[in-house]
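Any read-out appearing in this document is the output of simple, stated calculations on the displayed coordinates, not a laboratory observation. In this text, all values refer to a predicted model and were calculated from it rather than measured experimentally. Note that each Cβ is placed from the backbone with ideal geometry, even for glycine, and that neighbours are counted across all protein chains shown.
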């Protein structure tokens, strides 16, 4: 296997994590990863020693944007919220953060996940989204404020029910 | 605790949490946070948020990769393109191009030279945040530092003059490298920006300068006369290149 293919392969787990959080559906997420890998492998010859990691995140982010654009005209299927009271604390927390993520606009969700989950630098995210660093920082600030408010709102709602 | 001279901005709070803040400003932000409980609570909430994200999604990393994502399989029979975004890869290539890639732990079996670069970046990240003990021998004892490192490493260790790029020698230390001893020199600008120069024995006699970046640090690495050089600093490639050229010019003149 070529060094290029090895470095693509080493990125698969991280790409799957990013896609899962981005699409919030395991099958759609793996479809995204698969299409990302296919495109990357087809372009192997075009690749002249850049940053494989940033490049793969860029392809995946763009594919997801296109996917959402094509979905925009179809009816939306929202998953029914599971309110199983027996769920453990961690599971409930996981649902909360997933629900909070779903309320973010696309670009903000991508910035938040690339920085907080995937550990990319502001510079790398700016390159991935093709925007200035200032835009990345304002998207990140808005996303964090939104998630924080969303999580606090969920908690308040929960307390009221109890 | 006293307030820092310049008030801390919202952007700086984010940069602080994401380790994007210049090292010399971290202390100010920490002082600010202990005096402003509201901001401290916000920073704490962001950290909790990051933990929740990792708690929810890190398990994906441990899942077995599905068969349909295996590289060998994809190379043999590429899946039909569904999304019709044929240009995505090309756009991505242009956007992400021109950056080195060895340092991401991506290559399964890194070469000696790649390992050297990774060690240098690790050392860089470990020591640039040090306020009180960044080096073993201070830059004021330049001659002694050079003599000592040369004797211990076995090649001529010369601390280049980088004043032309606004950098002063902080000092240096001896480190264990992948192939034996390594020398480690630290430089600092008036604004607290830190660069480090790591050298170690490299198998490659000469190798041209390349760039790589990982976790908020960038590095230019090359080899000359059997010695590998790694200059690490901020990810700003232009700035790194400027400093690296200055180092390179001086090592050539002194023969290594």
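Return the FRET efficiency for the residue pair residue B:147, residue A:1: r is the Cβ-Cβ distance, R0 is 60 Å, and the value is rounded to the nearest 0.05.
About 0.80, to the nearest 0.05.
Within 10 Å of each Cβ in peptide A:1-7, how many partner chain Cβ atoms are there on average? Round it to a whole number, please.
Mean shielding by partner chains, rounded to a whole number: 5.
Work out the FRET efficiency for residue B:133 and residue B:215 from their Cβ-Cβ distance, taking R0 = 22 Å, and round it to the nearest 0.05.
Given R0 = 22 Å and the Cβ-Cβ separation, E is 0.50.
Over the C-alpha atoms of the stretch B:132-256, what are the Rg and the largest Cα-to-Cα span, Dmax, in Å?
13.4, 37
For residue A:65 and residue B:156, what is the calculated FRET efficiency with R₀ set at 56 Å and r taken between the beta-carbons, to the nearest 0.05?
For R0 = 56 Å, the calculated efficiency reads 0.60.
In nm², what is the average projected area of the convex hull enclosing the Cα atoms of the stretch B:122-190?
Result: 4.9 nm².
Residue B:61 versus residue B:179, label points 7 Å from Cα toward the beta carbon: distance in nm?
3.1 nm
Calculate the mean, over all residues of peptide B:226-237, of how many other protein chain Cβ atoms lie within 10 angstrom of the residue's Cβ.
1
Semi-axes of the equivalent ellipsoid of the stretch B:177-218: what are they in whole Å, largest first, if each equals the square root of 5 times a C-alpha gyration tensor eigenvalue?
Semi-axes, largest first: 23, 14, 10 Å.
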